[in-house]
Each structure stands twice: as C-alpha cells, then as structure tokens.
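Presented below is the structure to which this report refers.
The values are calculated or read from the model by the stated rules, or taken from the named source; none is laboratory data. Since the model is a prediction, treat every value here as computed from it, not as a measurement. Note: ideal-geometry Cβ built from the backbone for every residue, glycine included; neighbour counts use all protein chains shown. Only protein heavy atoms, including side chains, enter the accessible area calculation; ligands, DNA and RNA are left aside. Shrake-Rupley method; radii C 1.70, N 1.55, O 1.52, S 1.80 Å.
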Amino acid sequence: MIDFNLLTDVVEEFSGIKKEELISKRRFRHLVEPRMMCSNLMKENHPRLSLEQIGSMLNVDHSSVLYHIKTHKLLMVQKDGTYKKIYDQISEEYIKELAKSNGNVVAELIDKKYKLEKMHTEVNDMLKLIEERREYADLKI
C-alpha cells in the first residue's frame, strides 16, 4: 500500500519540510534533498511504482526521479555522512509507520533490527578503541 501522506509526514518530522514545499517546483537544496529521499524510499519500498508514478506524486517528471535516485546513491557515500544519517532515520521511521498502517507485526521486528544494528556498531567501535589502545601500549614498550 502506498501512502504518500505518510511518507511526507515522516519527511516533515525529520527535515521540517512541509508537503506543499516538497511538491513545489522550487529547487533549493534544502527542498531537493528531501525529494531525493522520497523518490528513493518510494522506489525501494514500492518497487512496482514506475518513475512516472513517483514523479506525479512529487510533481516532477520521470527524468527528475531518475536523477534523484542516481544522486541519492552518491550522497549516501559522502564523507561527512549527514545526508545518510537523515535518510536512515527517515527510512527507518517510514518503514515502521508503513508497517503499522498495514496492521503488521513487522514494525516490532524492524525496531529490534535497528536496535541490534546500533548495538553492533557500538561493539565494533569499542573493539576498535581497544585495538588502538593495544597498539599504543605496544609502541611505548
């Protein structure tokens, strides 16, 4: 089930961009990046949607949607990671809300998955710190 209002609500929660601004013709960076996120989220979570259908929801043409998806991939590997961080938050929340709106128990599993991934990252960070301290201690001797 595609609920564009649900997606725009989640985007507004994390970016502060209202639906009216999101689907406007304005091309400021602070508006275009959330559009890119929406395009990619719709393509990932609703693979049967055509680029034209996604574009009609965002008030852009299919070539803009294609550009959004390609540029999204580049922004996800940026060094500072701010785009990726915001996208991951929006994606996580959208998937949870989508699952809830469909009446699935999947929302709980997704929540647990993200908690486990966060714990995994924290453990890896601790292991790196321990390794760095070991290397430093070896240098002192």
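Of note:
- Restricted to the range 43-65, and to residues there that are under 17 Å from the mean Cα position of the chain (by Cα) and in a helix (DSSP H, G or I), the residue that is modelled with the lowest pLDDT is Asn45.
- Residue within the range 90-109 that is farther than 18 Å from Phe4 by Cα and surrounded by fewer than 10 Cβ atoms within 10 Å (Cβ to Cβ) present: yes
- One residue from Ser39, Ser15, Ser50 being over 18 Å from Leu75 (Cβ atoms) and among the hydroxyl-bearing types (Ser, Thr, Tyr): Ser50
The rows are residues; the columns are (1) within 14 Å of the chain's Cα centre (by Cα); (2) within 14 Å of Thr8 (Cα to Cα); (3) of a type in the set (S, T, N, Q).
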site	(1), (2), (3)
Leu41	yes, yes, no
Lys73	yes, no, no
Tyr83	yes, no, no
Met126	no, no, no
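- Residue list for the range 10-32, filter: in contact (Cβ under 8 Å) with a residue 40 or more places away in the chain and not polar (S, T, N, Q): Val10, Val11, Glu13, Phe14
- Positions within the range 110-141 being aliphatic (A, V, I, L, M), modelled with pLDDT under 85, open to solvent by 60 Å² or more (accessible area, probe 1.4 Å) and part of a helix (DSSP H, G or I), in sequence order: Leu139
- Number of residues in the range 6-32 that are open to solvent by 80 Å² or more (accessible area, probe 1.4 Å) and assigned to a helix (DSSP H, G or I): the value is 5.
- Within the range 33-84, the set of residues being open to solvent by less than 90 Å² (accessible area, probe 1.4 Å), without any contact (Cβ under 8 Å) to a residue 12 or more places away in the chain and of a type in the set (A, V, I, L, M, F, W, C) comprises just one member, Met76.
- Unmet criterion (only one of (1) in a helix (DSSP H, G or I); (2) modelled with pLDDT of 85 or more) for Val77: (1)
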